[in-house]
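The values are calculated or read from the model by the stated rules, or taken from the named source; none is laboratory data. Predicted model, so just to flag it, every value in this text is computed and none were measured. When we count neighbours, we look across all protein chains shown, and the Cβ atoms used for this are built from the backbone with ideal geometry, even at glycine.
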Amino acid sequence: MIPKKILLFSVIISICVLSCSREAKDESPVIAQVGSKELTLNELENYLPTDSTLELSQVQIEQFVQRWIESELVYQEALSQDFDKDPEIQKELYRVQKDLIVSTFLEQLLKGQQAVTEQEIEEYYEQKSEDFIRTLDFYHLNLIVLESLREANRVRNEIDKGLEFARAAQQYSMDASKQKGGDLGWVAFQELPESIAKALPSLKEGVLSRPIKGEIGYSLVLLNGIRKKGEIQTLEEARPLIVWNLKQRKRENAYRKLIALVGEKVNMQTNWDVIQNLVVDSSQPNAR
């Protein structure tokens, strides 16, 4: 019985995010109402995805509202049966509340203590450069994809006569990279289309390839550079990982200082002997 309650409780917690978190009623239009609980336009806008690349249809928004209604119905029914007063539910409520408060408090408190300077990045790179060995070959390529061999040869001739590769890509290419002038950036060998990967050994840096037949049309490829496997990554390659490592280190240091500081304000005790019977001796082969 209890496991089922805990499962249902997790549903109730998610419902509370929408139906219970608002302390003061806003004045925006009401979209839906279940009993005394209302879903307003402002709340709906706050809880819908904010990714600008996503376009929600009216059907998707209506489905969201319908889910809110159904969830609110279940939530109110659970409360009417005093489900929230079950001891196991109260324990879980405490855990959820505690975890939320702790994580949010730490996020806000430590947020301003993780800034990383350029000097720190460079020093880290110099000290730990051997940790940034490239495990794959990378190629910096520019690409133009054209529908036919005839068109590919025509565009190639235009480039040979002085048309900039980037301009040609923007004007003629069928590939999505046309928006960046055909620049694919640094790409691992394994990520390349088979037709281009096979042609790589014959390509020379700075020399435009002949048309390469692929699954879709013909490609013109310009090889700009090669980064070899086994070499130390450049600072720019290693930068994202360096920044992440430095931020994690700063966060951990700030966290430890916080624990030491607040620990001085509270009388703490740890009775390790009480939990000895829970400790398993890993040296025993049959220990469980």
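Out of the residues in the stretch 36-51 that are modelled with pLDDT of 85 or more and either part of a strand (DSSP E or B) or of a type in the set (S, T, Y) (or both), state the one that is surrounded by the most Cβ atoms within 10 Å (Cβ to Cβ). Per the stated criteria, the residue is L39. Does G206 satisfy being over 30 Å from L109 (Cβ atoms), more than 24 Å from the chain's Cα centre (by Cα) and assigned to a strand (DSSP E or B)? The answer is no for G206. Counting just the residues of the stretch 52-93 that are of a type in the set (D, E, K, R) and not in a helix (DSSP H, G or I), which one comes out farthest from the chain's Cα centre (by Cα)? Here the answer is D82.
Residues are listed down the side, and each one gets a yes or a no for (1) aliphatic (A, V, I, L, M); (2) assigned to a helix (DSSP H, G or I):
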site: Y139; (1), (2): no, no
site: L143; (1), (2): yes, no
site: E151; (1), (2): no, yes
site: V155; (1), (2): yes, yes
site: E158; (1), (2): no, yes
site: G162; (1), (2): no, no
site: A169; (1), (2): yes, yes
site: K198; (1), (2): no, yes
site: L223; (1), (2): yes, no
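Out of D175, D183, one residue alone is among the acidic types (D, E), in contact with a strand residue (DSSP E or B) (Cβ under 7 Å, 6 or more places away or on another chain) and within 28 Å of T234 (Cα to Cα). It is D183. Being at pLDDT 90 or above and closer than 30 Å to V243 by Cα holds for only one residue in E88, E123, E77, E70, and it is E123.
Within the stretch 58-92, being hydrophobic (A, V, I, L, M, F, W, C) and free of Cβ contacts under 8 Å to residues at least 24 places away in the same chain holds for V59, I61, F64, L79. Report whether or not I212 is surrounded by 15 or more Cβ atoms within 10 Å (Cβ to Cβ) and within 18 Å of R134 (Cα to Cα). So I212 does not fit the description; no.
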